[in-house]
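Okay, structure first, notes after.
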Amino acid sequence: MKLRIAHDAAAAAAFVAAAARIFVGLALDSVPIHNGVWIAALLGALPAIPYLLCLEAVQAEAQPNRPAYRMLMLLLASVALLDASEVLSVVAKTSEYLTINHVPLTVLTVPVALAALWCICRNGDAVGYAAMLWIRVFPVLLMLVLLLQLPHLHVRWLQPRLGDGWRAIANGGVRTAGWFVPSTAILFVSDRGGALPAKHVSRAWLACAALVTAPLLALRLMMAPTVVRNASWLFNLDALLTNGRAPLYLQLPMILIWFVGLLHLLSCDCFAATALLQRLFPAIDGRACAALVVLGTALLSIHDFSVALNRSAAPWVFILAASIVGLYVLVLRDSKGGEHR
């Protein structure tokens, strides 16, 4: 089985996955939630744009035999795998939080991992075109939630606008840029006739952060007052999904939006890691690669290894990935210049 995905399907998948990943990271992460997180989402898009343009250039000149190219594939596969394991952990913990009776996390992890395996085996276009469908359905559900929550939103709770100050916003921005990296992996394995125009990539990813994630974070901040002291992960999840100030019947559409976004993000990460693994080792069947990736994701998720690593390593992941693609582009330009001399 050869794993592949059309570029338009990959672009839709990456768009939804990046929006979901940034929102989860800024709304629930262990870093204290503050009123400037929506600015951090916008700020993180700025360094991500040149990185994406360089990644497009590298893929357009695909040279899989070069060590640097294989190193980049290995890095993207590793980052996507670690990110998928953290997302799987979030899904399992959310399920545990919402269940009436206590169920072990391991039991909750297995069916979600099997669902991710099923998605990969349907191949990339199934993941991408499901994202296109979600792009159409999501605004309808969000509008329903927004209309019913409108009387409970308080703009004054956005004060102070900078939250903990520019240092905290800058830290969130760099972490946001790091969360772009696993979502770009699926673009790297997409099929295309040539590189897309630079404006297309820039607008798509800037819109992902600026037009989706930042307003959602602002709405979340207006729905519940910011806690000065460090709030727990479960406290932030409770304020998001089952906020006692909102009508009880809003919990269902909120939970639906939450789980669909997370499951899409998980399938996107897992497919990207699997497709990259198959490109690194072409002799392995796609189903075998999928089984290896999902098994690794589940094991890392159960042991919570990736959660701690991702929280501290997100800025360094972006710096490393950006450095590799930037140097690669410079080498490509030098080699082309040498051919014309």
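Listed here are the residues, each with its yes/no results for (1) charged (D, E, K, R); (2) crowded, with 17+ Cβ neighbours inside 10 Å.
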{"site": "Ala116", "(1), (2)": "no, yes"}
{"site": "Ala130", "(1), (2)": "no, yes"}
{"site": "His152", "(1), (2)": "no, no"}
{"site": "Gln159", "(1), (2)": "no, no"}
{"site": "Arg167", "(1), (2)": "yes, no"}
{"site": "Asp191", "(1), (2)": "yes, no"}
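Tell me, please, whether a residue that is assigned to a helix (DSSP H, G or I), free of Cβ contacts under 8 Å to residues at least 60 places away in the same chain and surrounded by fewer than 24 Cβ atoms within 10 Å (Cβ to Cβ) can be found in the stretch 80-100.
yes
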All but one of (1) closer than 22 Å to Ala40 by Cβ; (2) open to solvent by less than 30 Å² (accessible area, probe 1.4 Å); (3) at pLDDT 85 or above; (4) of a type in the set (A, V, I, L, M) hold for Ala275; state the number of the condition that does not hold.
(1)
In this structure, is Cys270 in contact (Cβ under 8 Å) with a residue 40 or more places away in the chain, more than 30 Å from Val145 (Cβ to Cβ) and open to solvent by less than 40 Å² (accessible area, probe 1.4 Å)?
no
Of (1) under 25 Å from Ile186 (Cα atoms); (2) more than 18 Å from the chain's Cα centre (by Cα); (3) not aromatic (Phe, Trp, Tyr), Gly25 fails just (2)
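If you go through the stretch 69-108 one residue at a time, how many are touching an Asp or Glu at 6+ places or on another chain (Cβ under 7 Å) and farther than 18 Å from Leu292 by Cα? Steps first, please.
Filtering the stretch 69-108 for residues touching an Asp or Glu at 6+ places or on another chain (Cβ under 7 Å) gives 80, 83-84, 87, 89, 103, 105, 108.
Add one more test, that the residue is farther than 18 Å from Leu292 by Cα, and what stays is 103, 105, 108.
So the answer is 3.
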Name, by its number, the condition in (1) crowded, with 18+ Cβ neighbours inside 10 Å; (2) at negative phi that does not hold for Pro139.
(1)
Under 7 Å by Cβ, and 6 or more places apart or on different chains, what pairs join a residue from the stretch 104-130 that is at negative phi with one that is surrounded by fewer than 22 Cβ atoms within 10 Å (Cβ to Cβ) and hydroxyl-bearing (Ser, Thr, Tyr)?
Leu108/Ser95
First in the stretch 136-151 and more than 23 Å from Val16 (Cα to Cα), second anywhere and outside any helix (DSSP H, G or I), Cβ under 6 Å, 6 or more apart
Gln149/Ala246
Any residue at all in the stretch 1-11 that is open to solvent by less than 20 Å² (accessible area, probe 1.4 Å), basic (Lys, Arg) and in contact (Cβ under 8 Å) with a residue 12 or more places away in the chain?
no
Go through (1) open to solvent by 50 Å² or more (accessible area, probe 1.4 Å); (2) among the polar types (S, T, N, Q); (3) in a helix (DSSP H, G or I) one by one and return the number of the condition Thr109 breaks.
(1)
Could you check Trp233 against (1) among the aromatic types (Phe, Trp, Tyr); (2) closer than 19 Å to Trp38 by Cα; (3) at pLDDT 85 or above and say which number it fails?
(3)
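The values are calculated or read from the model by the stated rules, or taken from the named source; none is laboratory data. As the structure is a computational prediction, the values presented were derived from the model and not from experiment. Methodologically, a virtual Cβ is constructed for each residue, glycine included, from the backbone with ideal geometry; neighbour enumeration extends over all protein chains shown. Only protein heavy atoms, including side chains, enter the accessible area calculation; ligands, DNA and RNA are left aside. Shrake-Rupley method; radii C 1.70, N 1.55, O 1.52, S 1.80 Å.
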